[in-house]
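A.B. asks: Provided herewith is a single structure, encoded as structure tokens, for subsequent inquiry.
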Amino acid sequence: MKLNSLTIIAAALAAGLTSAVAGNITGKVTLKGTPPAEKEITQLKDDANCGKMHTEPVKTRFYVVGAGGELADTVVMLKGISGKSTGASATPLIVDQKGCEYSPYVGAVQTGQSIVIKNSDPVLHNVHTQPTVAGNEELNKAQMAGGADLTFNFGKAENFLKFKCDVHPWMFSYVTVCDHPYFAVTGKDGTFTIKDVPAGEYTIVALHRKAAAAGMEQKVTVTAEGAKADFTLEVK
Ligand SMILES: [Cu+2]
């Protein structure tokens, strides 16, 4: 099976064709070292409206890490690919505001893919985008309690594009924008799957806001059987 796949890939490459063979890249991101303790967001606790929405202390989410070092909120993407976005037809990323927090804290979309912001809270929020890449627009829109969803999209690739709320200065969400569909965000078990990657050799990069803001790279070769790419990031 493996030989057959490689033969097909070789034939496709020799013919100068884009290979129709594709596989999934799977892997796990592990954090090495003990991260600093997350801090309680006292501004939230002290806010008359937001504080009463929680019975447990609400803490920062800098390192969402499991007992075995499983690291969530890591964006894993192929590097050096552009102009391959299918974002216009992709399912929107839903970002909710609930309990005066953004969820998810870290997300990823393609260029042109809709980011739908909901307000599930009985309070006013405002959604303020703060891109750093030219061509991505800074927008600032109020969203009343029970207000209509707000939809955003961005045309340029950007890592960790910041969404914030000016009413509640602790509220942030970071959405990475890719110019292709080959990315994933690790879940609480630290794993990720990048689906349907055309066979070939790539550089794959893991980005974590604290542990790997500039990204950690490795080479990966994708065949019809897919590929595996694990990362170990260190506490910074
Ligand atoms: Cu808010």
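The values are calculated or read from the model by the stated rules, or taken from the named source; none is laboratory data. Just so we're clear, the structure is a prediction, and the values are computed from it rather than from any experiment. Positions of Cβ are generated from backbone atoms using ideal geometry, with glycine treated the same way; all protein chains shown enter the neighbour counts. We work out accessible area using only protein heavy atoms, side chains counted, and drop any ligands, DNA or RNA first. Shrake-Rupley method; radii C 1.70, N 1.55, O 1.52, S 1.80 Å.
A.B. asks: Need the failing condition index for Ala72 against (1) over 20 Å from Thr60 (Cα atoms); (2) at pLDDT 95 or above; (3) open to solvent by less than 30 Å² (accessible area, probe 1.4 Å), just the number.
C.D. replies: Result: Ala72 fails condition (1) only.
A.B. asks: Would you say Thr55 is at pLDDT 95 or above, in the same structural domain as Ala227 (by the TED database) and within 14 Å of Gly99 (Cβ to Cβ)? Before the answer, list the steps.
C.D. replies: On the way: at pLDDT 95 or above: yes; in the same structural domain as Ala227 (by the TED database): yes; within 14 Å of Gly99 (Cβ to Cβ): yes.
Yes, satisfied.
A.B. asks: Being assigned to a strand (DSSP E or B), within 16 Å of the ligand (Cβ to nearest atom) and under 12 Å from the mean Cα position of the chain (by Cα) is the filter here, so list the residues in segment 69-116 that pass it. Reasoning before the result, please.
C.D. replies: Taking segment 69-116 and keeping what is assigned to a strand (DSSP E or B), we get 70-71, 75-79, 93-98, 101-103, 106-110, 115-116.
Checking which are within 16 Å of the ligand (Cβ to nearest atom) leaves us with 95-98, 101-103.
Across segment 69-116, the qualifying residues are Val95, Ser103.
A.B. asks: If only one of Gly146, Gly135 is on the phi > 0 side of the Ramachandran plot, open to solvent by 40 Å² or more (accessible area, probe 1.4 Å) and within 16 Å of the ligand (Cβ to nearest atom), which one is it? Let's see the steps before the verdict.
C.D. replies: Numbers: Gly135 fails: within 16 Å of the ligand (Cβ to nearest atom).
Within the list Gly146, Gly135, the selection yields Gly146.
A.B. asks: Filter segment 24-44 for residues that are surrounded by 14 or more Cβ atoms within 10 Å (Cβ to Cβ) and closer than 24 Å to Gly99 by Cβ and give the result.
C.D. replies: Residues satisfying the conditions are Pro35, Glu38, Ile41, Gln43, Leu44.
A.B. asks: Further question on the same structure: Tell me which of these Thr55 doesn't satisfy, since it passes every other one: (1) closer than 25 Å to Thr186 by Cβ; (2) exposed (fewer than 15 other Cβ atoms within 10 Å of the Cβ).
C.D. replies: If we test Thr55 against (1) closer than 25 Å to Thr186 by Cβ; (2) exposed (fewer than 15 other Cβ atoms within 10 Å of the Cβ), just (1) comes out false.
A.B. asks: Is it the case that Thr176 is surrounded by fewer than 17 Cβ atoms within 10 Å (Cβ to Cβ) and of a type in the set (Ser, Thr, Tyr)? Lay out the reasoning, then the answer.
C.D. replies: Details: surrounded by fewer than 17 Cβ atoms within 10 Å (Cβ to Cβ): no; of a type in the set (Ser, Thr, Tyr): yes.
For Thr176, the condition - surrounded by fewer than 17 Cβ atoms within 10 Å (Cβ to Cβ) and of a type in the set (Ser, Thr, Tyr) - is not met.
A.B. asks: Under 9 Å between Cβ atoms, which residue pairs at least 6 apart in sequence (or on different chains) link something in segment 158-176 that is near the ligand (Cβ under 10 Å from one of its atoms) and assigned to a strand (DSSP E or B) with a partner that is open to solvent by less than 10 Å² (accessible area, probe 1.4 Å) and not aromatic (Phe, Trp, Tyr)?
C.D. replies: Between residues of segment 158-176 that are near the ligand (Cβ under 10 Å from one of its atoms) and assigned to a strand (DSSP E or B) and residues that are open to solvent by less than 10 Å² (accessible area, probe 1.4 Å) and not aromatic (Phe, Trp, Tyr), the close pairs are Lys164/Val127; Lys164/Thr129; Lys164/Met171; Lys164/Ser173.
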